[in-house]
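What follows is one structure encoded as structure tokens, with my remarks underneath.
The values are calculated or read from the model by the stated rules, or taken from the named source; none is laboratory data. Remember, it's a predicted structure, so these values are computed and weren't measured experimentally. Counting neighbours? That spans all protein chains shown, and the Cβs are built from the backbone with ideal geometry, glycine included.
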Amino acid sequence: MDIQEIALTRLKPKAFIREQVESIRRTVGDGTAVVALSGGVDSAAVTMLGHLALGPRLTTYFVENGIMRAGEPRAIVSLFKRLGVRVELVDAKAQFFDALAGLTDPEQKREAVTQTFYKTVFGPLVRESGARFLLQGTNYTDVEETVAGIKRQHNVLTQLGIDTEKVYGYQVLEPVIQLRKTGVRVVARALGLPRSIYARPPFPGPALATRIIGEVTPERVEIVRAATKIVESVLSKTRAFQYLAILHGDRVTGIRKGKREFGYQVEVRCWDSTDAVTGRPTRLAWSTLETLARRITTGVPGVVSVTYNIARKPPSTIEAV
Ligand code: XMP
């Protein structure tokens, strides 16, 4: 891999910000750029770097792909508005669900998200805006896992030999690609982003599609979205690296109000990690696990089974897909 990692011990956030702002200005020249904001810490930091570098010559898009967490699009748009960044909300729900229909293979689902994002949605957006550059928040770990062939992270292109100019009609700029998540958090804080962003647990670009085993449909997204809301509200008090709910593909026999219910299974994962490269399940209190089971089986229609993942990464990975 020809990208040089900047380790946390060597990172000087103020100097890093200065260099990246200058580099974006130099590259974009007197042209314009667009940035893909997802609400995670990586893309939030890149949006602020782009904003500092280009001001009104940067257009910020938030793509509503239909697979986000509850309330996410509106919350992010209004937060950035308070920071002085105007965000355009793009409704692309139909395009993503069309592309995901019928797919069950994890890598095919990831590929569908990538193509819909870069080709179907951003291709026309960038063309119409007249910009030649797309800024995005790829980090060092994303590239490492993709190049190693473990998982194709949705935002890794150039390192896989994809000429984005040729294939999508624009160049991709990745200002935080030399940093791991902890480094990005330090930079995000130095950029003046609020704690709710710089300390936010990681969330994958392909969103809830990485947490559905089997086909991604609007109905199945609703189930995992409701379970995610419960898991996040119960586990946000822990100091865990990341916590999530997964909807399984198989259904199992349950019983409710004395009647058979052939219901869904939700798996909860909660990780201790520093960089997402390796991870250990958090030793949650039994009472917390019971609260999760009770709230998920009563709060998410159709769920009759809740499990907790106890395997480490490796051989597990953090997300299920
Ligand atoms: P895995 O599941 O590979 O995840 O152990 C490692 C970390 O990366 C996040 N993740 C992604 N982030 N695009 C992203 O921006 C992706 O396609 C993607 N897939 C996984 C995951 O949430 C974890 O923090």
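Mind listing whichever residues of segment 37-49 are in contact with a helix residue (DSSP H, G or I) (Cβ under 6 Å, 6 or more places away or on another chain) and more than 11 Å from the ligand (Cβ to nearest atom)?
The initial filter retains those residues of segment 37-49 that are in contact with a helix residue (DSSP H, G or I) (Cβ under 6 Å, 6 or more places away or on another chain), namely 37, 39, 41-42, 44-45, 49.
Those that are in contact with a helix residue (DSSP H, G or I) (Cβ under 6 Å, 6 or more places away or on another chain) and more than 11 Å from the ligand (Cβ to nearest atom): Leu37, Gly39, Ala44, Ala45, Leu49.
With the structure loaded, tell me whether Thr146 is within 15 Å of the ligand (Cβ to nearest atom), of a type in the set (S, T, N, Q) and surrounded by fewer than 22 Cβ atoms within 10 Å (Cβ to Cβ) or whether it fails that test.
For Thr146, the condition - within 15 Å of the ligand (Cβ to nearest atom), of a type in the set (S, T, N, Q) and surrounded by fewer than 22 Cβ atoms within 10 Å (Cβ to Cβ) - is met.
Yes or no, residue by residue, for (1) free of Cβ contacts under 8 Å to residues at least 60 places away in the same chain; (2) under 17 Å from the mean Cα position of the chain (by Cα); (3) surrounded by fewer than 17 Cβ atoms within 10 Å (Cβ to Cβ):
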position: Leu103; (1), (2), (3): no, no, no
position: Gln108; (1), (2), (3): yes, no, yes
position: Glu111; (1), (2), (3): yes, yes, yes
position: Phe117; (1), (2), (3): no, yes, no
position: Val126; (1), (2), (3): no, no, no
position: Ala131; (1), (2), (3): no, no, no
position: Gly137; (1), (2), (3): no, yes, no
position: Asp142; (1), (2), (3): yes, yes, no
position: Gln153; (1), (2), (3): yes, yes, no
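Give me the strands (runs of 3 or more DSSP E) completely within segment 252-321, filtered to those with at least 2 residues that are surrounded by fewer than 20 Cβ atoms within 10 Å (Cβ to Cβ) and acidic (Asp, Glu), ordered by residue number. Please lay out each step first, then the result.
Numbers: elements: 252-256, 259-272, 303-308.
Of the strands (runs of 3 or more DSSP E) lying wholly inside segment 252-321, those with at least 2 residues that are surrounded by fewer than 20 Cβ atoms within 10 Å (Cβ to Cβ) and acidic (Asp, Glu) span 259-272.
Identify, by number, the condition in (1) touching a residue at least 24 places away in the same chain (Cβ under 8 Å); (2) farther than 24 Å from Asn139 by Cβ that Arg294 doesn't meet.
Failed condition: (1).
Could you give me the residue pairs with C-beta distances under 7 Å whose first residue belongs to segment 279-291 and is in contact (Cβ under 8 Å) with a residue 40 or more places away in the chain, whose second residue is of a type in the set (Phe, Trp, Tyr) wherever it lies, and which are 6+ apart or on separate chains?
Listed by first residue and then by second, the contacts come to Thr282/Trp271.
In this structure, is Val252 over 19 Å from Leu208 (Cβ atoms), at pLDDT below 95 and of a type in the set (Val, Ile, Thr)?
Details: over 19 Å from Leu208 (Cβ atoms): yes; at pLDDT below 95: no; of a type in the set (Val, Ile, Thr): yes.
No.
State whether one or more residues within segment 173-196 are within 30 Å of Ser129 (Cα to Cα) and free of Cβ contacts under 8 Å to residues at least 24 places away in the same chain.
No, the conditions are met nowhere in segment 173-196.
Take the residues in segment 187-234 that are within 20 Å of Phe80 (Cβ to Cβ) and among the β-branched types (Val, Ile, Thr); name whichever of them is farthest from the chain's Cα centre (by Cα).
Restricting to residues being within 20 Å of Phe80 (Cβ to Cβ) and among the β-branched types (Val, Ile, Thr), the top hit is Val187.
Scan segment 71-96 residue by residue and report those that are buried (at least 18 other Cβ atoms within 10 Å of the Cβ) and under 17 Å from the mean Cα position of the chain (by Cα).
Within segment 71-96, Pro73, Ile76, Val77, Ala92, Phe96 meet the criteria.
Look through Arg239, Arg256, Arg269, Arg189 and report the one residue that is assigned by TED's automatic domain parsing to the domain that holds Asn139 and charged (D, E, K, R).
Arg189
Being among the aromatic types (Phe, Trp, Tyr) and touching a Ser or Thr at 6+ places or on another chain (Cβ under 8 Å) narrows it down to one of Phe117, Phe133, Phe122, so name that one.
Details: Phe117 fails: touching a Ser or Thr at 6+ places or on another chain (Cβ under 8 Å); Phe122 fails: touching a Ser or Thr at 6+ places or on another chain (Cβ under 8 Å).
Exactly one of Phe117, Phe133, Phe122 is among the aromatic types (Phe, Trp, Tyr) and touching a Ser or Thr at 6+ places or on another chain (Cβ under 8 Å), namely Phe133.
Of the residues that sit in segment 149-160 and are within 10 Å of the ligand (Cβ to nearest atom) and β-branched (Val, Ile, Thr), which one is modelled with the lowest pLDDT?
Ile150
Can you confirm whether segment 61-70 contains a residue that is under 25 Å from Asp30 (Cβ atoms) and modelled with pLDDT under 95? I'd like the intermediate steps shown before the answer.
So in segment 61-70, the residues under 25 Å from Asp30 (Cβ atoms) come out as 61.
Retained after the next criterion (residues that are modelled with pLDDT under 95): none.
No, the conditions are met nowhere in segment 61-70.
Just checking, which of Thr238, Thr210, Thr217 is more than 15 Å from the ligand (Cβ to nearest atom) and closer than 19 Å to Arg312 by Cβ?
On the way: Thr210 fails: more than 15 Å from the ligand (Cβ to nearest atom); Thr217 fails: closer than 19 Å to Arg312 by Cβ.
The match here is Thr238.
Residue by residue through segment 245-263, note down the ones that are within 28 Å of Asn65 (Cβ to Cβ) and out of contact with any helix residue (DSSP H, G or I) (no Cβ under 6 Å at 6 or more places or on another chain).
His248, Gly249, Asp250, Arg251, Gly263
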